[in-house]
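Written below as structure tokens is the structure these notes are about.
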Amino acid sequence: MVNYLHNFDRTKFDIRVVLPKDSQLIPFVAAEHYPVIEIDHGRDKSFDMAAVGEIRKIIKEFKPDIVHTHSAFSGKLAAWLCHVPCRFYTRHSAFPPSKKLTTFPGKQINGFVNNTLATDIVAVAEAAKDNLTDTGVDPKKITVIINGSEEVRRISDKSNLALKQELKIPESAFICGISARLEPYKGHATLLDAAKTVVSEHPDVVFLIIGSGSCDTALKDQAASLGIADKVRFIGFVDDVAPYYNIMDLNLNCSWGTETSCLALSEGMSLGLPAIATTYGGNPYMITEGVNGMLVPEKDPSALSDAILTLIRDRDLLAKYSAGARAMFEKKFTARGMTEQLEVLYEASVDRNRKSSR
């Protein structure tokens, strides 16, 4: 959302952002100089009836042409109740939907609700679109807009060396990194199993794990039990990933759930970071075999370690994928390109509504 806000054409769109009080997003939105309206309810809940009431009051005050919600069913319902003409929501995740939502009557009910509440739906990957259509959503309402990112800034060699020293990483080490929430479906456990094989052959390899989550302690214990704790650096949650991406040689994605268009992959590509990613969800759209990286099956540590070792051994192939990653970012994954697609969709929706109401 912040990437969108940074790139919107403000001569065309007058935007206000509604967030729960004390949301961690507030300073980021404020830094883009957009007004933030804070609400008391709806924090960490998709549906909160009290939040519906708050959002309805805001809509009645500002009378927007468009309401665009992300993870807030409360916002979708409020916009429909207020007869907002253009009601958008974005589907960010992809996962196998339950049988209840893909068979009668659940599919029909889910489809009716979503088709009624939204005039337009953005899916951030083809996999997310498939989830929607499999659960009864009208494909004509859905537009796929792949997540784009801002270019990650480059950092000086001197600063890179200083960070390696701070993390006790040898200057010549080959660094593999993953930036993802520490949750089971992000596949860190598979990564650590693969890392044991990799470091047994190449002791100079170090793994960076950026992020926080419920699996933090379990993953640290796993690294210790595998005897590779000294080869893994748990960085935790960081506001600024640029310093860490700048010292990485290889970007990893080990997901087996929810993955659509991974910002960590596009951010890495902006620096020319080749990637190894699973075949899950939207990853195959972002990583093209032989161009900007390699794809491996999910939950397969042997395949992952083989792919990592291939790129450690073949530095010419690594360099080829690096150039391909940068070219792919410029072609497909910039934040500005993503925002331009949404702007076109907004204008088309408003124009369509005006024509239908004449």
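Residues checked against (1) over 19 Å from the mean Cα position of the chain (by Cα); (2) among the hydroxyl-bearing types (Ser, Thr, Tyr); (3) surrounded by fewer than 21 Cβ atoms within 10 Å (Cβ to Cβ):
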position	(1), (2), (3)
119	yes, yes, yes
137	yes, no, no
143	no, yes, yes
174	yes, no, yes
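Taking the range 187-198 as the range and being within 10 Å of residue 308 (Cβ to Cβ) and surrounded by 21 or more Cβ atoms within 10 Å (Cβ to Cβ) as the test, the residues that pass are 191, 194, 195, 198. Within the range 173-232, track down each residue that is among the charged types (D, E, K, R), without any contact (Cβ under 8 Å) to a residue 24 or more places away in the chain and over 24 Å from residue 313 (Cα atoms). Scanning the range 173-232 gives 220, 221.
Tell me the residue from 261, 225 that is within 15 Å of the chain's Cα centre (by Cα) and among the hydroxyl-bearing types (Ser, Thr, Tyr), please. Steps first, please.
Values: 225 fails: within 15 Å of the chain's Cα centre (by Cα).
Only one candidate passes the filter, namely 261.
Among helices (runs of 4 or more DSSP H) entirely within the range 262-337, having at least 3 residues that are of a type in the set (D, E, K, R) singles out 315-332.
Give me the residue from the range 145-172 that is among the hydroxyl-bearing types (Ser, Thr, Tyr) and farther than 27 Å from residue 309 by Cα and, out of that set, surrounded by the fewest Cβ atoms within 10 Å (Cβ to Cβ). Step through it out loud before you land on a result.
Here is the first cut: in the range 145-172, the ones among the hydroxyl-bearing types (Ser, Thr, Tyr) are 149, 156, 159, 172.
The next check asks that each one be farther than 27 Å from residue 309 by Cα; those that pass are 149, 156, 159.
Details: 149: 21, 156: 9, 159: 12.
In this case the residue turns out to be 156.
Each residue in the range 217-261 was checked for being of a type in the set (A, V, I, L, M, F, W, C), under 22 Å from residue 205 (Cβ atoms) and assigned to a loop (DSSP other than H, G, I, E, B), and 6 of them qualify. Within the set 244, 285, the sole residue that is among the hydroxyl-bearing types (Ser, Thr, Tyr) and closer than 21 Å to residue 159 by Cα turns out to be 244.
Given the range 86-181, what strands (runs of 3 or more DSSP E) lie entirely inside it while holding 2 or more residues that are outside the structural domain of residue 286 (by TED's automatic domain parsing) and modelled with pLDDT of 95 or more? Full working, then the answer.
Numbers: elements: 86-91, 120-123, 142-144, 174-179.
Counting at least 2 such residues, we get 86-91, 120-123, 142-144.
In the range 241-256, the residues that are buried (at least 23 other Cβ atoms within 10 Å of the Cβ) reach residues that are outside any helix (DSSP H, G or I) and of a type in the set (Asp, Glu) with C-beta atoms within less than 9 angstrom, at least six apart or across chains, in these pairs: 253/259; 254/298; 255/298. Restricting 315, 326 to residues that are under 22 Å from residue 125 (Cβ atoms) and surrounded by fewer than 24 Cβ atoms within 10 Å (Cβ to Cβ) narrows the list to 326. Restrict the check to the range 112-130 and report whether at least one residue is in contact with a helix residue (DSSP H, G or I) (Cβ under 9 Å, 6 or more places away or on another chain) and closer than 30 Å to residue 198 by Cα. Checked against the condition, which is being in contact with a helix residue (DSSP H, G or I) (Cβ under 9 Å, 6 or more places away or on another chain) and closer than 30 Å to residue 198 by Cα, the range 112-130 yields no hits at all.
The values are calculated or read from the model by the stated rules, or taken from the named source; none is laboratory data. Given the structure is predicted, the values throughout are model-derived calculations rather than measurements. Cβ sites come from the backbone with ideal geometry, for glycine too, and all protein chains shown count toward neighbours.
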